[in-house]
1. Kindly evaluate Asn151 against the criterion of being at pLDDT 85 or above and either buried (at least 16 other Cβ atoms within 10 Å of the Cβ) or of a type outside the set (Asp, Glu) (or both).
2. Taking the stated definitions as given, is Thr247 assigned to a loop (DSSP other than H, G, I, E, B), open to solvent by 40 Å² or more (accessible area, probe 1.4 Å), under 26 Å from Thr149 (Cβ atoms) and modelled with pLDDT under 95?
3. Restricting attention to segment 66-105, which residues are over 26 Å from Asn132 (Cα atoms), at pLDDT below 85 and either aromatic (Phe, Trp, Tyr) or open to solvent by less than 100 Å² (accessible area, probe 1.4 Å) (or both)?
4. For residues that are outside any loop (DSSP other than H, G, I, E, B) and more than 21 Å from Asp92 (Cα to Cα), scanning just segment 171-202, find the one that is modelled with the highest pLDDT.
5. Among the residues that make up segment 116-127, is at least one of them closer than 30 Å to Ala210 by Cβ and assigned to a strand (DSSP E or B)?
6. For residues that are open to solvent by 50 Å² or more (accessible area, probe 1.4 Å) and not in a strand (DSSP E or B), scanning just segment 222-237, find the one that is modelled with the lowest pLDDT.
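The values are calculated or read from the model by the stated rules, or taken from the named source; none is laboratory data. Note that the structure is a prediction, hence the values are computed from the model and not measured. Cβ coordinates were reconstructed from backbone atoms using ideal geometry, including for glycine residues, and neighbour counts include every protein chain displayed. Note: areas computed on protein heavy atoms with side chains; ligands, DNA, RNA excluded. Shrake-Rupley method; radii C 1.70, N 1.55, O 1.52, S 1.80 Å.
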Amino acid sequence: MRKKQLIKSMALAMAGVLFASCAISASAENEINITGTGTTTQNASTGLYNANQTADLENNPASIDVQAKTSGGAEIVYDLTIKWGNMQFEYDFGGQWSPSSHTYTLGTSGKQGGGWTAAGVDGTNNKITVDNDSNFPMTATFSFEIGSTLNPSGNTNNGAVVGIFSENNNDFVTGSGSSSSTTSLLDQGYNGTGITSAITKPTVNMEMVATELESGQIYYATAANVTSSEDTAIKDMYFALSGRPDTGLQQSSLTSIGTLKVQVAPFKNATQITKQ
C-alpha cells in the first residue's frame, strides 16, 4: 500500500554534425557506428573549412532510451494489526417449566425470560483490537452482516438478532466479570432498547506513534492537540449480539451466523505537526 512512482522512460535526442551519405547501424549493445563521405568548402576570409552535406542523413537523430526507478523514501507506510476474541455467543430461550416442582428450571442466562448469556460479553470473547503502526493516523469501521441461521427471513426488525458494538464493554453488562447480569440490550433479546446507528456501525480513529521521533521531524495527527503515542494508536472495540432468534431455532452446537467486518482507511484531513 505504499506510494510508488516509476519513471518508465524518457527520450533523449542527440544532434550533431554528421557527414553526408552516412548510415547508422548498431554495432553492439548500447553502441552505434556512424560512417559516410562528403566534401569540404574553405571560407575565403578565414581560411577555415566546413563539411558539406550532399545527401539527407538517415536515422537522425539517434534516440537512446533512458530508464529510471525510485527506491526507499515512501512517504506513507501502512501497517495495522487486528486481533479478536473467539466471538462465540449463546442464547438461552429461558427457563423450562417443571410440572413436578411447579417451578422453572433456569437455563444458562439465569433468567426465566432468557437472553444472551453473560459469558459471551466477558470482555475477552467479544473484544476486537486494532493496532496502528503506520506513520499516518488511521480509521477503523466495524460492521456485522448476519446470515439466515438465526433470522431465516432476513428480518432485522425489533426482536430479530443484530450485532452491536461499543468502545466500553460495560454498555453490555452491569457490574464486572462473566457472571454479571446483562442489560436490556441482551436480556430477552429485545434489540429495540437503546440500539442506535452509532453502535451498529461505529468508526474509531487511531493516531500514529510519534513518541520516538526526533525534534524537528514531521508527523501527522487527527488534530493539533492530540497525543500521538502507543496508547492512542490502539483501539479496543467490543461486540455483542442482541435480539431474539426465531422461535424453535435451537442450535445445540456452535455454528456460523454471520460476518463481522473491520474496514481500515487513512484518516481524512489530518494535521501535519513538527515534533518539538
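1. No; evaluated as a whole, the condition is false for this residue.
2. Taking the combined requirement at face value, the residue satisfies it.
3. Thr70, Asp92, Phe93, Gly94, Gly95, Trp97, Ser98, Ser101, Thr103, Tyr104, Thr105 - these are the residues of segment 66-105 that are over 26 Å from Asn132 (Cα atoms), at pLDDT below 85 and either aromatic (Phe, Trp, Tyr) or open to solvent by less than 100 Å² (accessible area, probe 1.4 Å) (or both).
4. Thr200
5. For segment 116-127, residues closer than 30 Å to Ala210 by Cβ and assigned to a strand (DSSP E or B): present.
6. Among those that are open to solvent by 50 Å² or more (accessible area, probe 1.4 Å) and not in a strand (DSSP E or B), it is Thr227.
One line per residue, one yes/no per condition, for (1) at pLDDT below 90; (2) closer than 30 Å to Tyr91 by Cα; (3) open to solvent by less than 50 Å² (accessible area, probe 1.4 Å):
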residue	(1), (2), (3)
Val204	no, yes, yes
Tyr220	no, no, yes
Phe239	no, yes, yes
Ile257	yes, yes, yes
